[in-house]
Amino acid sequence: MQFSHFDIDLFLSDYWQKKPLLIKNPWMSWSNPLEPDELAGMACETGVESRLIMQARDGANDVLKVEHGPLAETRFGQLGKAPWTLLVQAVDHAVPDVAALIAPFRFIPNWRIDDVMVSYATDQGGVGAHFDQYDVFLIQGLGKRCWQVGGLCTADTPLLPHEDLRLLDSFEATNEWVLEPGDILYVPPGIAHNGIAVGDDCMTYSIGLRAPSRSELIEDWSDHLVGEMQDDDRYGDPDLRVQDNPGEISAQALADMHAMITEAVQDRDAFARWFGQYNSTRKNPDIEWEPEDPVQVEDISAFLAYDVPLFRNSASRFSFIRQSEVTLLLFVDGQCFACSEDMMAFAEQLCAQEHIIIDPEVPGSVTALIVTLINQGSVAFDQED
């Protein structure tokens, strides 16, 4: 899918991480990429993250109850007339047409894109007023949904007590729109919002973006560093002098120990390699995508000879870090591949496009890399071609 009209530069300068924006159907041709029954079927599968949110009455108040999947196939016939919402995460990993929704948003770097969550709601269904700590594009796929947006929330914003949902204790709408199929609402991090289905068969596609917190980065980077260190890398003071008071921790000792820490964490090259691997790790790394029979270099020669497209796995993550004009590091599903000059064009193209056709005369180093990526389940040739 592609946009027919959307001013990316204006959006980035005036709205990105600043204020919400309603984008009226910008698609060249909008068609809902997933049927409600298909979404319900996914929610019944093991290994798929799904939630069923039901609205109930508790005295004079509405209460949201959450049921986690996998759901029984008979569950949807037992829901009755009360409003309910089904949420399924990472649908783009399993449905190519849903994954295609991400392509027009690639003006955001790959490493920032998380997944596509799909929701289905009956009339008046929703998940309550809340805020997210990341940017989100809310695409109306089927039916109508009324979106209300409010003010900026922080970690101190009061929440209602709930085991599964981060619901705002109070919510005051400052804007309200009814989205129809193809319309998009952009919501920056921290902005309160509330979506309510208008009529039945309401489907919304949420493209969520990743925003690692400072604490997450420090914790995971530090864990990585500690795992790489040797036990005998210890503090030493061969120039020790007698102190006036043995109870004092001297300024020199503090400076030396502080240097031990800062020297390790300030290695930018090591950080770059770690972050590329950390950030490119699949959302669901336990799912096995490897082919049943590993391929060899000679197995792919026919695909190259007949210009068969090489497709990226929609569940995989691709990015690269340029080291110099003739080298870069390619990161695919948590693995790092050092690419020399003869491999750079392939690596850059692979990160930029969902599928590519490879020159049969490609260097052997590229062929070997393709074999590795196929065997780890990150790419595959289109067998139909």
Evaluation of Gly195 against (1) exposed (fewer than 15 other Cβ atoms within 10 Å of the Cβ); (2) touching a Ser or Thr at 6+ places or on another chain (Cβ under 8 Å); (3) not polar (S, T, N, Q) (one fails), failing number: (1)
Any residue that is assigned by TED's automatic domain parsing to the domain that holds Phe131, in a helix (DSSP H, G or I) and either in contact with a Pro (Cβ under 9 Å, 6 or more places away or on another chain) or buried (at least 17 other Cβ atoms within 10 Å of the Cβ) (or both) - is there at least one of those in region 47-68? no
From the list Phe137, Phe131, exactly one residue is modelled with pLDDT of 95 or more, assigned by TED's automatic domain parsing to the domain that holds Tyr15 and touching a Phe, Trp or Tyr at 6+ places or on another chain (Cβ under 8 Å). Which is it? Phe137
If we ask which residues in region 107-157 are more than 24 Å from Ala82 (Cα to Cα), touching a residue at least 40 places away in the same chain (Cβ under 8 Å) and small (Gly, Ala, Ser), their number turns out to be 2
Failed item in (1) without any contact (Cβ under 8 Å) to a residue 12 or more places away in the chain; (2) buried (at least 16 other Cβ atoms within 10 Å of the Cβ); (3) of a type outside the set (Gly, Ala, Ser), with Glu361 passing the rest: (2)
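Pull up region 265-300, narrow it to residues that are of a type in the set (Lys, Arg) and assigned to a helix (DSSP H, G or I), then point me to the one that is farthest from Pro363 (Cα to Cα).
Arg268
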Flagged in region 339-385 as under 20 Å from Ala103 (Cα atoms), over 24 Å from the mean Cα position of the chain (by Cα) and of a type in the set (Val, Ile, Thr), in numbering order, are Ile357
Tell me yes or no: at least one residue of region 176-190 is surrounded by fewer than 19 Cβ atoms within 10 Å (Cβ to Cβ), hydrophobic (A, V, I, L, M, F, W, C), in the same structural domain as Leu64 (by TED's automatic domain parsing) and over 25 Å from Cys351 (Cα atoms). yes
If the requirement is being in contact (Cβ under 8 Å) with a residue 24 or more places away in the chain, small (Gly, Ala, Ser) and not assigned by TED's automatic domain parsing to the domain that holds Arg112, which of these qualifies: Ser324, Ser316? Ser316
Of everything in region 327-349 that's closer than 18 Å to Thr281 by Cα and without any contact (Cβ under 8 Å) to a residue 40 or more places away in the chain, which residue is surrounded by the most Cβ atoms within 10 Å (Cβ to Cβ)? Leu330
If you take the residues of region 186-218 that are touching an Asp or Glu at 6+ places or on another chain (Cβ under 6 Å), outside any loop (DSSP other than H, G, I, E, B) and not aliphatic (A, V, I, L, M), which of them is nearest to Phe271 (Cα to Cα)? Gly208
Considering every residue within region 232-250, establish whether at least one is in contact (Cβ under 8 Å) with a residue 24 or more places away in the chain and within 30 Å of Arg317 (Cβ to Cβ). no
Those residues of region 242-258 which are in a helix (DSSP H, G or I) and surrounded by 11 or more Cβ atoms within 10 Å (Cβ to Cβ) amount to Gln252, Ala253, Asp256, Met257
Checking the conditions here, which among Ala315, Ala302 is surrounded by fewer than 14 Cβ atoms within 10 Å (Cβ to Cβ), of a type in the set (A, V, I, L, M) and more than 12 Å from Ile370 (Cβ to Cβ)? Ala302
Taking Glu73 as meeting all but one of (1) surrounded by fewer than 17 Cβ atoms within 10 Å (Cβ to Cβ); (2) in contact (Cβ under 8 Å) with a residue 24 or more places away in the chain; (3) more than 18 Å from Ala197 (Cβ to Cβ); (4) out of contact with any helix residue (DSSP H, G or I) (no Cβ under 9 Å at 6 or more places or on another chain), write down the number of the exception. (4)
Return the residues of region 181-213 that are under 20 Å from Asp14 (Cα atoms) and of a type in the set (D, E, K, R); say none if nothing qualifies. Asp183
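The values are calculated or read from the model by the stated rules, or taken from the named source; none is laboratory data. Just so you know, these numbers come straight off a predicted model, no measurement behind them. Neighbour counts are summed over all protein chains in view; Cβ atoms, including those assigned to glycine, are modelled from backbone coordinates with ideal geometry.
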